[in-house]
Structures are given as C-alpha cells and as structure tokens.
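Read through the structure below, which is laid out as structure tokens, and then see the notes.
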Amino acid sequence: MFTGDGKRLSPEASILKEADLVIGIGLRVAELLSPKPFGVPTLLLDVARDAAADALATDLVLADGELFEQVLATLASGKWGAEQIAEAKAALSAKLLDGGWLPAACFNILNQLPQNHMLVLDTGSFCTIGEHVWNASRGRPFLASSNSRYMGTAIPTAIGASIANRETPVICVVGDGGMRMYPAELKLAVKEQLPICIILMTDGLYGSVACVPQAFQVNPRAVEIDQPTWFDSVAGMGCAAAIVENESEFDDAVRSWDQQQPLFLESPFDPGRYAGMTSDLR
C-alpha cells in the first residue's frame, strides 16, 4: 500500500528510504494522495505520458510493450527488498494490534481464516487500517473505493461481486456513515442467499470527520450518530445478525459462519481509541 501520505508507521515511510530506483506500473497522479518526487531515479511503465511524469519528476517513461516485458522479466529475477517489506509490515502489525479491541484486531482475525475470501471495504478510518493489514492475493482479492473515497459503495459492490462469483465468500466492511447509504440492498443479499458477511465497524461517530483537527469548534451533533446500532433493522430483514464486542466474540462469529447465507456482525469500538488509531499511519 502506497499513498504518498504515509506517516512513520507506514511501510512506505521506511522502505522508500532504502530505494535506489522507483518503477511505476500504470501509475496515475489520481492514485496518490500527495504526489511528489521520490528523490531517486524514477521509471514509469505506461502507454501514455500523463501528469504523473511531471509530478514525480520522472526520469524515463517507457511506452513500448516489448520494453515492458524486459523490465518485468528483470524484476522477476530477484526478490527486491522482500525482507525489508516483511519487517516493515510486521512492525506495523505489532503496533496496530497493541491497541486491543480495534479494527486491526478484526482484520488480523480475518487474515487467519483458512478459506479464501474477497474483502470489500467502504471508506472511513477502518479502511485505512484494512488497506494496510489485509493480506491480498490472487485467491484473496480486494475491492474498495480507495481512490474515489465514495462512501456507501461497499454493500452494493459486495452484492455484485458475490452474484458474479458465488464460489468465493465475501467479507464486506462498512462504517457508521457508509451503512446509512444503501442498507435496503441487504434485502437482495438475503433473497439471493449470498455468501456475504457484512461487518459494521461502529464508534457512534462520523469517525473520519470527527478525528480531523478543526480550525473552529464543531458542534458535537454534526459528528455524533443517534442510535448507531443497525442490529434490529438488519435482523428484521431476515439476516442472521450478532453484536460482537471483543476479539473472542468476533473470532467465534466469523469462524462459525456457514458461508452459505448472509451474516451481519456489529462491532462497536471505543470512540476515543478509534479516533487515534490512524494517527501515525496516514
């Protein structure tokens, strides 16, 4: 995960200090929160020169398919910093998991599930954690509105992905804001008996707004959510549902899911600790 905005705990913060060369494959400025030069020779593999070449002070842009293959073959011949990446990710995980009952603990448990799953993330503070902690692979795909940050897309995205491929169970994570956008779509998941586990990570606030330093005093009513629970509403749609309030309950719930029908898990967190969990990450 690289955004250009990573703070001291992010893998990018330590790994880029060791880089002798940066290669961007189809890289776009819109994919970076803060595009800026890397400070080392930079090569872009792309079909066309766009704003990224200038914003990153690129030394060379290759648009030739055969050259692409040569560069990729060279990269495939080595491991290129695998140890440094593993160390950076381990340090990040250790720090995040030291926080106790927070989203990082949930994603760590999801990583340990024996089956392959698809992860679909909505946008919010939990998304920043999930993007860094989830172990994505060909068998464990990742879908999100990471670039657009469009809140609420996770539930309809998860339903579409599950209809397209019912063989891979889908884990869909939403926050307080995203849950309010398309909750009625869960009726479709129930009707079609889709293998989707919807996890609501709630702190009772619009967390990604509440944790941003404000230049003026904000009325608490602007960021507080009255009655944030969705448990009764989702259960009323005929969806199996549970409230999980610690790691043990969360672990038991996801492992007991039969992956044959939808499951809704509501995971409440302490607002104060939730607000600070990304402070050294992004």
Condition check for Val120: in a strand (DSSP E or B), touching an Asp or Glu at 6+ places or on another chain (Cβ under 7 Å) and surrounded by 22 or more Cβ atoms within 10 Å (Cβ to Cβ): no
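A quick yes/no check of all residues on (1) in contact with a Pro (Cβ under 9 Å, 6 or more places away or on another chain); (2) part of a strand (DSSP E or B); (3) modelled with pLDDT of 95 or more:
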site	(1), (2), (3)
Met151	no, no, no
Arg166	yes, no, no
Gly178	no, no, no
Ala184	no, no, no
Ala189	yes, no, yes
Leu194	yes, no, yes
Met201	yes, yes, yes
Selection status of Ala57, of a type in the set (Gly, Ala, Ser) and more than 22 Å from Glu266 (Cα to Cα): yes
Output for region 14-27, where each listed residue is touching a helix residue (DSSP H, G or I) at 6+ places or on another chain (Cβ under 8 Å) and surrounded by 15 or more Cβ atoms within 10 Å (Cβ to Cβ): Ser14, Ile15, Val22, Ile23, Gly24, Leu27
Which listed residue is within 16 Å of Met1 (Cβ to Cβ), touching a residue at least 12 places away in the same chain (Cβ under 8 Å) and among the basic types (Lys, Arg), from Arg180, Arg140, Arg166: Arg140
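Going by the conditions given, is Leu43 in a helix (DSSP H, G or I), surrounded by 13 or more Cβ atoms within 10 Å (Cβ to Cβ) and at pLDDT 80 or above?
On the way: in a helix (DSSP H, G or I): no; surrounded by 13 or more Cβ atoms within 10 Å (Cβ to Cβ): yes; at pLDDT 80 or above: yes.
For Leu43, the condition - in a helix (DSSP H, G or I), surrounded by 13 or more Cβ atoms within 10 Å (Cβ to Cβ) and at pLDDT 80 or above - is not met.
Is one or more of the residues making up region 115-124 farther than 30 Å from Ala253 by Cα and β-branched (Val, Ile, Thr)? Don't jump to the end; show me each part of the working.
Within region 115-124, the first condition is being farther than 30 Å from Ala253 by Cα, and the residues that meet it are none.
Within region 115-124, not a single residue is farther than 30 Å from Ala253 by Cα and β-branched (Val, Ile, Thr).
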Cβ-Cβ under 7 Å pairs, at least 6 apart or on other chains, region 120-133 side free of Cβ contacts under 8 Å to residues at least 24 places away in the same chain, far side in a helix (DSSP H, G or I): none
Residue list for region 238-247, filter: in contact (Cβ under 8 Å) with a residue 40 or more places away in the chain and under 20 Å from Arg166 (Cβ atoms): Gly238, Cys239
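If we keep just the residues of region 1-27 that are part of a helix (DSSP H, G or I) and acidic (Asp, Glu), which is nearest to Ala144 (Cα to Cα)?
First, the residues of region 1-27 that are part of a helix (DSSP H, G or I): 11-18.
Now restrict to residues that are acidic (Asp, Glu): 12, 18.
Working: Glu12: 20, Glu18: 29 Å.
Ranking the candidates gives Glu12 first.
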Residues satisfying the stated conditions in region 74-99, i.e. surrounded by fewer than 12 Cβ atoms within 10 Å (Cβ to Cβ) and either touching a Leu at 6+ places or on another chain (Cβ under 7 Å) or basic (Lys, Arg) (or both): Lys79
Yes/no for Arg221 being surrounded by fewer than 17 Cβ atoms within 10 Å (Cβ to Cβ) and at pLDDT below 90: yes
Members of region 248-267 that are farther than 20 Å from Leu186 by Cα and either free of Cβ contacts under 8 Å to residues at least 60 places away in the same chain or in contact with a Gly (Cβ under 8 Å, 6 or more places away or on another chain) (or both): Ser248, Glu249, Asp252, Ser256
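The values are calculated or read from the model by the stated rules, or taken from the named source; none is laboratory data. Keep in mind that this is a model prediction, so the values were computed, not measured. Reconstructed Cβ throughout: ideal geometry from the backbone, glycine too, with neighbour counts over all protein chains shown.
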